[in-house]
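Below: one structure, written as structure tokens.
The values are calculated or read from the model by the stated rules, or taken from the named source; none is laboratory data. Since we're looking at a predicted model, the values are computed, not measured. Cβ placement follows ideal geometry from the backbone for every residue including glycine, while neighbour counts extend to all protein chains displayed.
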Amino acid sequence: MNRIGDQLKTLEAMRSMAARCQQEAIDRTLPIASQAAVTTSAAINYLNGNHRLLLDPHYIGYSQQVGELPHDMRDIVDAHLKIGGARDRIRTVEETLADPAEIVSFRQACVTDG
């Protein structure tokens, strides 16, 4: 848990240097990761004094939900990075277009096709 906390602090410190899509990914991921860390720590502390509850159906269901959080975070980060990559590709295409009217036409086509 301490290592995760350190990684979250590092990620937060790097935010100002990140691209906008990366900042959005950080902003969406940090609260989920922080909550997962708090919840996991609380569960570990609780179970240290209540070993018999490891097989309790309520605990098993709860631990499965907590186990899904990393997948949710990965999906959020992946989506934001894909958006950022798409924005970069659009910017590259726009830079190759010399006429502002071509850029407007390109953007309209992207919105219509997207």
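Just a few scattered comments:
- Single residue of ALA18, ALA25 found to be aliphatic (A, V, I, L, M), in contact with a His (Cβ under 7 Å, 6 or more places away or on another chain) and at pLDDT 75 or above: ALA25
- For the condition within 21 Å of ILE83 (Cβ to Cβ), polar (S, T, N, Q) and assigned to a helix (DSSP H, G or I), GLN22 qualifies.
- The set of residues in region 77-114 that are acidic (Asp, Glu) and either assigned to a helix (DSSP H, G or I) or at pLDDT 75 or above (or both) comprises ASP78, ASP88, GLU94, GLU95, GLU102, ASP113.
- Exactly one residue among ARG52, ARG74 is part of a helix (DSSP H, G or I), basic (Lys, Arg) and over 23 Å from the mean Cα position of the chain (by Cα), and that residue is ARG52.
- Close pairs (9 angstrom Cβ cut-off, 6 or more residues apart or separate chains): within 20 Å of THR29 (Cβ to Cβ) in region 77-104, basic (Lys, Arg) and surrounded by fewer than 13 Cβ atoms within 10 Å (Cβ to Cβ) anywhere: GLY84/ARG20; ARG87/ARG20
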